[in-house]
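Everything on this sheet refers to the single structure shown next.
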Amino acid sequence: MQRAGAVRPSVFMERALALAAQAAAYGEVPVGAILVDSVTGSIVAEAHNRTETDSDATAHAEILVLRAGGAKLGSPRLGSCDLYVTLEPCPMCAAAIALARLRRVYFAAFDPKGGGVDHGPRIFEQPTCHHRPEVYGGVGEVEAAALLRRFFAERR
């Protein structure tokens, strides 16, 4: 995994951050995700967390964009796609990303407690992981971390 450091967010990460802010407005943990076709540069799917709204523990932004992207492109394999997400994917989402065979993953804030890429089980480093996307962490980290801190501070 490559650390992007204090890199300015791309237009795709900026859109993911806007989706994360929408999630917070709905009372959802503020995580947004964008699936991009790396060949055309077009957005294939976008989503924010909907676990509370859908009463579904698996309704993470990453899972929702993988489902929508697979449906739109007619395949569960999304090898020409890149994912932009505002928080380090959890182990469930990292496993789904590997199964979808994404080309690259860009994430904003690191998640030492619940992450599954740079922290925790480090799904992509496991010998049983059949596909390892390129991963870039810290893209838009300052903005994403501030959004998460505000969200949780308001609930305390």
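The values are calculated or read from the model by the stated rules, or taken from the named source; none is laboratory data. Quick caveat, the model's predicted, so the values are computed rather than measured. No Cβ is skipped: glycine too gets one built from the backbone with ideal geometry, and neighbour counts run over all protein chains shown.
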>> For the structure I just gave you, tell me whether Gly74 is at pLDDT below 95 and exposed (fewer than 15 other Cβ atoms within 10 Å of the Cβ).
In response: no
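Could you pull out the residue among Glu14, Glu88, Glu62 that is in contact with a Leu (Cβ under 7 Å, 6 or more places away or on another chain) and among the acidic types (Asp, Glu)?
Result: Glu62 is the single residue among Glu14, Glu88, Glu62 that is in contact with a Leu (Cβ under 7 Å, 6 or more places away or on another chain) and among the acidic types (Asp, Glu).
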